1. Pull up the DSSP beta bridges for the chain and report the antiparallel fraction as a percent, rounded to 5.
2. Counting only C-alpha contacts under 8 Å and six or more residues apart, can you give the relative contact order of region 6-72 as a whole percent?
3. Taking the number of other C-beta atoms within 10 Å as the exposure measure, put 11, 64, 141 in order starting with the fewest.
4. Taking the chain as the reference, fit the longest principal axis to its C-alpha atoms, fit the long axis of helix 113-122 to the helix C-alpha atoms, and give the angle between the two in degrees, 0 to 90, nearest 10.
5. Under 10 Å, Cα contacts only: if you run a Gaussian network model on the chain, which one of 142, 104, 37 comes out with the highest mean-square fluctuation?
6. Roughly what angle does helix 139-154 make with the longest principal axis of the chain, taking Cα atoms, 0 to 90 degrees, to the nearest 10?
7. Determine, for 86, 24, the number of other Cβ atoms within 10 Å of each Cβ, and report the residues in order from fewest to most.
8. At 222 nm, what helix-only mean residue ellipticity would the chain give, in deg cm²/dmol to the nearest 500, using -39500 (n - 2.57) for each DSSP H run of four or more?
Amino acid sequence: MEMIVSHLLFVDDIIILCEAKKEHLTFLSWILAWFEAASSLRINLAKSELIPVGEVEEIEEMAVELGCRVGSLPTVYLGVPLGAYHKAPSMWDGVEERMRRRLALWKRQYISKGRRITLIKSTVANMPLYRLSLFRMPKIVARRLEKLQRDFLWGRESLERKVHLIN
């Protein structure tokens, strides 16, 4: 029987793509067992998911055969949403939230404007770059991220109205 497998590897994360057939998953479980025996490494199937694409019959039985749980799309792999509509502004919510958390860590009132600019340019402005290498950012998201950076630079709190001195 021919089994076509494709995969993506990054350090200790892997995505294996194959047809949703019980025989294929049996072969895959053998390959993983051989890998463990040859490398003396353990595969943590408790962290693994079997994610069906489309309608797949007997998915629960296949997950039991492989020894993992059943997941669903959309999901996140290496910080990138898989199966999500790539033009949706909601796909960028994680980037915006990380940016908000990072800015909240810094005590704005104790940092000079020059240092705030340096922090924004060296850290916060680079946060969306990985995702930008894969997807085009909607304009509404770009405006929201720019507003976060401007508000941090010019010292605006959520209830306070403060004019930005430079556009």
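1. Working: 8 of 10 bridges.
In the chain, approximately 80 percent of DSSP beta bridges are antiparallel ones.
2. On the way: 59 pairs, mean separation 19.6, N = 67.
The normalised contact order for region 6-72 reaches 29 percent.
3. Fewest to most other Cβ atoms nearby, the residues stand as 11, 64, 141.
4. Taking Cα atoms only, the helix is inclined about 20 degrees.
5. 37
6. Helix 139-154 and the main axis of the chain meet at about 50 degrees.
7. Details: 86 13, 24 18.
Listing 86, 24 from fewest to most nearby Cβ atoms yields 86, 24.
8. Details: 6 runs with 69 residues, N = 167.
One gets -12500 deg cm²/dmol as the mean residue ellipticity at 222 nm.
Readers should treat all values here as calculations from the given coordinates under stated rules, not as data from a laboratory. Quick caveat, the model's predicted, so the values are computed rather than measured. Using ideal geometry, Cβ is built from the backbone for each residue, glycine included, and neighbour counts are taken over all protein chains shown.
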